[in-house]
Amino acid sequence: MVWPSGEKMSEVSFECRSVGFECEWALRAPSSEEVLRRMRDHVRCAHNLPDLSQDLEARVSSALHAA
């Protein structure tokens, strides 16, 4: 996976509050795909949502940072 700049992406980090939740949950993962997988589990357990909407998935992807 690569960043929009073309740079190779290594580990990525994500904070739940960066997409609008009042939540301190954060993670580091080896890929954006892993972040999305774990975020799906998190929104079901912590925020009582059935899954990531397309909009929320796009916001999560935009909020990823190099770790």
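Nothing in this text is a laboratory measurement; each read-out follows from the coordinates by a stated rule. The shown structure was predicted, so the numbers you read here are calculated from the model rather than taken from an experiment. Note that each Cβ is placed from the backbone with ideal geometry, even for glycine, and that neighbours are counted across all protein chains shown.
Couplings 3J(HN,Hα) of the stretch 44-50, computed from phi: 5, 7, 8, 10, 6, 9, x Hz, in residue order, whole Hz [Karplus 6.51 cos²θ - 1.76 cosθ + 1.60, θ = phi - 60°; x for Gly and Pro].
This structure gives Rg/Rh (Cα atoms, Kirkwood Rh), computed directly, and of (i) 1.00; (ii) 0.96; (iii) 1.40 that value is listed as (ii).
How much net charge surrounds Ala67 when only the other residues with a Cβ under 9 Å from the Cβ of Ala67 are counted, with Lys and Arg +1 and Asp and Glu -1?
Values: positive: Arg28; negative: Glu11.
Local charge sum for Ala67: 0.
Taking the chain, the Cys residues with no second Cys beta-carbon under 4.7 angstrom are Cys45. When each of the peptides 16-24, 56-64 is scored by how many other beta carbons lie within 10 Å of its residues on average, the order from highest to lowest is 56-64, 16-24. Amide H to amide H distances under 5 Å link Val12 with Ala29, Ser31, Ala67, where only residues 5 or more positions off or on other chains count and H is placed in the peptide plane. Count Lys and Arg as plus one, Asp and Glu as minus one, and take only other residues whose Cβ is under 10 Å from that of Ser31; the net charge is then -2.
Taking amide H as placed 1.01 Å from N in the peptide plane, Cys23 has its amide H under 5 Å from the amide H of Arg17, each at least 5 places away in sequence or on another chain.
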